[in-house]
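J.: Please find one structure pasted underneath; my questions will follow.
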Amino acid sequence: MLKKGTLVAFFMSVVRNLLILSTAIALAVAVLVAPTVHAPMPSQVPSTTPQYFTCEEIIPGVSGSNPSHVIVWLRLSNVTTPNGLDYLLSQMYYNPASPYFHSFITPSQFASWYSPPSSVVSYITSLASQYGLTVLYTFPMLIEASGNASAVDGFLTALQSAPSSIQQWILAGECIPIGYFYVSSRVSMYKPQYEMLYLNTTNVNAVLSTNVTVINGVPLQIRYRQAEIWLPKGLEFIYDELPLFKGYTYTGYTGKGVTIAIVDAFGDFAGAYEATFNSSYVPSKYASVACNDLETFSKYFGLPYSPTQCNVIYPTGVPVLTPQDISTAAGWAWETALDIEYAHTMAPGANILLVVSPTSGDDLFVDIEYVIAHHLANFISLSWASPEDAYYIPPPSYNLLYAYDEIFMQAAVEGIGVFAAAGDWGAFDLFVSPIEPSVWYPASDPWVTGVGGTTLKGVISSVMTSRVEYAWDWNSHYMWGSGGGYSFTFPETPGQALVHIVYERTYVYEPDLDINFYTVGHRGVPDIAADADPFTGVLIVLNGVIPPYLIGGTSLATPLSAGMTMTIQSYLGKSYVIGDLAPNLYLLYYYEYPQFYAWGSAYPTQQFLTGIPGFMFPTLGGENGLYWVIQGMWNPVDGLGQINTYGLAQALSGFPQSTMISQIQIG
């Protein structure tokens with residue numbers, strides 16, 4: 001049997017303990033027999049009082065000389081006003097008859113129309129300078145500065161005494177100490193969403209040469225004991241990309257001319273593999289090897305690659321590797337390798353911009369905003385998350401969610417599509433006691449396409465191919481499964497309202513929040529899904545080698561989905577800019593449901609070279625510990641299903657003209 005692998009991320013040990021196993025049983029009972037409680041529901045609007053978090057609050061006892069960042073989160077202007085940002089976004093994405101439909105604006109237009117008053121920015125930057133801080137960035141919704149912890153805390157304390165004319169524009173202010181990754185409950189930290197299984201061998205080459213499915217000389221998958229290992233060309237095959245690629249010649253539409261920004265903490269650095277299994281080892285200096293690993297991966301698995309396709313930037317600073325953070329940093333290296341290698345798998349002609357944060361805190365969001373404000377990418381992939389309920393457990397920090405949402409609104413209005421992992425712990429937050437249901441952010445944001453997970457099964461021969469995707473089911477032994485559920489914070493999106501998403505449980509008991517959460521009308525998560533089960537997982541290259549681990553999680557599903565969308569965008573060219581994918585799918589589901597799904601489970605193998613009709617592959621069953629799959633409908637396990645690259649490309653190439661015709665016919 002496959003043995004449970006060494007899990008490189010430091011937090012995973014928390015998930016696997018006996019306390020969680022016992023509380024999982026308790027929660028299952030609690031959900032079904034929820035007591036009547038009278039605690040207030042989580043707010044669906046930000047607090048009018050800014051929420052502040054000093055360095056001392058984040059890390060008690062932190063040295064005053066410790067290098068730190070500070071972020072002040074601001075409220076955008078003209079969001080809910082008539083013809084404001086909310087209105088423009090609804091016209092861009094949900095009204096095919098509007099002249100604004102998929103007609104996006106520039107970063108300078110966004111800053112001009114929606115930034116808070118310049119007097120607010122001037123006040124905050126001047127105050128920061130008074131405390132000896134260096135202002136790094138002023139973006140429409142945030143200001144970031146750097147200095148030592150003492151200066152940051154002095155600044156944040158003084159800011160709390162600012163005039164009301166300034167305070168009314170502030171959502172939150174927070175310190176981010178550099179080099180520490182123990183964070184108190186005051187502010188959430190973001191966790192990679194991948195899982196690993198040890199292959200029980202040190203001879204990976206033997207695995208790669210045994211029980212391999214080969215069609216026309218191309219290796220597609222490996223059957224190894226209980227697992228199906230999907231090779232890169234097998235994933236391209238099974239998700240119907242070859243008709244666009246023109247087969248494995250890669251002379252067709254492969255993502256060329258499209259750029260994806262992959263935002264991760266720490267990145268893939270030299271020494272990460274050794275540090276994974278030797279926590280006392282700290283590399284003497286930080287050196288990125290991400291693009292080197294991508295090149296090795298491409299050569300090993302026969303994918304096209306040019307060194308000009310891969311670049312790395314550090315908008316908020318180069319990571320500092322310390323004994324306190326090396327275990328966390330090493331875990332993020334695995335995440336980074338997985339992200340860039342499987343985005344490249346599904347769009348081997350696209351450009352990859354790896355954006356590396358020095359912390360796994362909110363520097364990640366500053367890095368995202370840097371990409372958006374400079375329009376450096378067409379799509380952004382985020383394979384990390386934090387449980388939404390954590391922002392409501394006292395002391396509350398939920399204003400941060402509304403601050404982050406402003407970044408994703410800017411991405412959407414500029415036509416930049418963002419994908420985010422829905423989580424690997426089923427419908428739950430496993431990091432509280434007792435555990436409780438929660439979706440994970442940023443997949444729960446209404447302007448992000450949330451990506452859940454499936455178990456991808458394929459039986460491929462030269463004549464026929466069977467492809468079946470079930471949900472990546474909740475597994476109480478491994479404590480994993482596709483994330484999904486309903487957001488505390490955000491209402492259902494206009495697209496979800498249009499298709500009347502189901503609310504499988506009207507009330508869900510939340511023991512830590514002490515509420516019966518009324519789910520109806522709330523944003524459903526995820527929107528789509530892709531392969532995530534480690535037992536149908538993949539191999540990566542890390543520090544120049546293929547580790548003997550099978551990798552899965554929604555960290556795999558997310559770059560797979562983003563990569564497929566990049567390939568589709570290259571096919572569409574400039575005639576139709578996809579932007580945020582999810583609204584496109586809800587419109588297609590509403591207007592063209594009969595063609596929406598590829599219902600077959602078996603096809604002539606040749607058809608994977610010519611194209612399978614249907615925009616999405618349906619999830620055929622399964623559950624995530626609290627919710628269940630409904631075939632042919634959105635559900636809080638796998639959303640609308642999985643992308644059929646060829647079929648969705650055909651649908652969007654005629655969009656919205658086909659929609660307008662159907663409206664006329666209906667009328």
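J.: Can you give me the number of residues within segment 62-94 that are without any contact (Cβ under 8 Å) to a residue 40 or more places away in the chain, open to solvent by 50 Å² or more (accessible area, probe 1.4 Å) and in a loop (DSSP other than H, G, I, E, B)?
T.: 5
J.: If you don't mind, there's one more thing I want to ask. Quick one: would you say residue 321 is out of contact with any strand residue (DSSP E or B) (no Cβ under 8 Å at 6 or more places or on another chain) and either surrounded by fewer than 24 Cβ atoms within 10 Å (Cβ to Cβ) or free of Cβ contacts under 8 Å to residues at least 60 places away in the same chain (or both)? Talk me through it step by step, then tell me what you get.
T.: On the way: out of contact with any strand residue (DSSP E or B) (no Cβ under 8 Å at 6 or more places or on another chain): no; either surrounded by fewer than 24 Cβ atoms within 10 Å (Cβ to Cβ) or free of Cβ contacts under 8 Å to residues at least 60 places away in the same chain (or both): yes.
Spelling it out, it is not the case that residue 321 is out of contact with any strand residue (DSSP E or B) (no Cβ under 8 Å at 6 or more places or on another chain) and either surrounded by fewer than 24 Cβ atoms within 10 Å (Cβ to Cβ) or free of Cβ contacts under 8 Å to residues at least 60 places away in the same chain (or both).
J.: If we keep just the residues of segment 285-317 that are under 24 Å from the mean Cα position of the chain (by Cα) and aromatic (Phe, Trp, Tyr), which is most open to solvent (accessible area, probe 1.4 Å)?
T.: So, considering only residues that are under 24 Å from the mean Cα position of the chain (by Cα) and aromatic (Phe, Trp, Tyr), the one most open to solvent (accessible area, probe 1.4 Å) is 314.
J.: State which residue is farthest from residue 252 (Cα to Cα) when the search covers only segment 575-620 and only residues that are out of contact with any helix residue (DSSP H, G or I) (no Cβ under 8 Å at 6 or more places or on another chain) and polar (S, T, N, Q). Lay out the reasoning, then the answer.
T.: If we filter segment 575-620 for residues that are out of contact with any helix residue (DSSP H, G or I) (no Cβ under 8 Å at 6 or more places or on another chain), which is where we start, we get 593-594, 597, 599-607, 617-620.
From what's left, polar (S, T, N, Q): 601, 605-607, 619.
Working: 601: 27, 605: 20, 606: 18, 607: 17, 619: 29 Å.
So, considering only residues that are out of contact with any helix residue (DSSP H, G or I) (no Cβ under 8 Å at 6 or more places or on another chain) and polar (S, T, N, Q), the one farthest from residue 252 (Cα to Cα) is 619.
J.: I need the full set of residues from segment 502-527 which are within 25 Å of residue 556 (Cβ to Cβ) and outside any strand (DSSP E or B), in order please.
T.: Residues satisfying the conditions are 526, 527.
J.: Test residue 409 against the criterion of being farther than 20 Å from residue 369 by Cα and either modelled with pLDDT of 95 or more or basic (Lys, Arg) (or both), and give yes or no. Break it down into steps so the answer makes sense when it comes.
T.: On the way: farther than 20 Å from residue 369 by Cα: no; either modelled with pLDDT of 95 or more or basic (Lys, Arg) (or both): yes.
Spelling it out, it is not the case that residue 409 is farther than 20 Å from residue 369 by Cα and either modelled with pLDDT of 95 or more or basic (Lys, Arg) (or both).
J.: Evaluate segment 308-319: report whether one residue or more is farther than 30 Å from residue 54 by Cβ and of a type in the set (Phe, Trp, Tyr).
T.: We begin by selecting, within segment 308-319, every residue farther than 30 Å from residue 54 by Cβ; these are 308-312.
Keeping just the survivors that are of a type in the set (Phe, Trp, Tyr) gives none.
No, every residue in segment 308-319 fails to be farther than 30 Å from residue 54 by Cβ and of a type in the set (Phe, Trp, Tyr).
J.: Could you please find all residues in segment 558-606 being of a type in the set (Phe, Trp, Tyr) and touching a Leu at 6+ places or on another chain (Cβ under 7 Å)? First the steps, then the outcome.
T.: As a first pass, look at segment 558-606 and keep what is of a type in the set (Phe, Trp, Tyr): 571, 576, 586, 589-591, 593, 596-597, 599, 603.
Result: 571, 576, 586, 589, 590, 596.
J.: Identify the residue in segment 254-279 that is of a type in the set (Val, Ile, Thr) and within 24 Å of residue 442 (Cβ to Cβ) and, among all such residues, is surrounded by the fewest Cβ atoms within 10 Å (Cβ to Cβ).
T.: Here is the first cut: in segment 254-279, the residues of a type in the set (Val, Ile, Thr) are 254, 258-260, 262-263, 276.
Subsequent filtering for residues that are within 24 Å of residue 442 (Cβ to Cβ) retains 258-260, 262-263.
On the way: 258: 24, 259: 20, 260: 29, 262: 29, 263: 27.
Out of the qualifying residues, it is 259.
J.: For segment 550-605, name all the residues that are surrounded by fewer than 24 Cβ atoms within 10 Å (Cβ to Cβ), touching a Ser or Thr at 6+ places or on another chain (Cβ under 9 Å) and either over 30 Å from residue 105 (Cβ atoms) or among the basic types (Lys, Arg) (or both).
T.: 601, 602, 603, 604, 605
J.: Scan segment 502-522 for residues that are more than 18 Å from residue 430 (Cα to Cα) and buried (at least 23 other Cβ atoms within 10 Å of the Cβ) and jot them down.
T.: First, pick out the residues of segment 502-522 that are more than 18 Å from residue 430 (Cα to Cα): 502-507, 516, 518-522.
Scanning segment 502-522 gives a single hit, 522.
J.: Please work out if residue 565 is touching a residue at least 60 places away in the same chain (Cβ under 8 Å) and hydroxyl-bearing (Ser, Thr, Tyr). Write out each step before concluding.
T.: On the way: touching a residue at least 60 places away in the same chain (Cβ under 8 Å): yes; hydroxyl-bearing (Ser, Thr, Tyr): yes.
Answer is yes for this residue.
J.: Further, regarding this structure: I need the helices (runs of 4 or more DSSP H) fully contained in segment 100-192, keeping only those with at least 1 residues that are acidic (Asp, Glu), in contact with a strand residue (DSSP E or B) (Cβ under 8 Å, 6 or more places away or on another chain) and open to solvent by 10 Å² or more (accessible area, probe 1.4 Å).
T.: Working: elements: 107-114, 118-130, 149-159, 164-167.
Correct list: 149-159.
The values are calculated or read from the model by the stated rules, or taken from the named source; none is laboratory data. Every value quoted in this text rests on a predicted model; they were computed, and no experiment measured them. Note that each Cβ is placed from the backbone with ideal geometry, even for glycine, and that neighbours are counted across all protein chains shown. Surface accessibility is based on the protein's heavy atoms, side chains included, excluding ligands, DNA and RNA. Shrake-Rupley method; radii C 1.70, N 1.55, O 1.52, S 1.80 Å.
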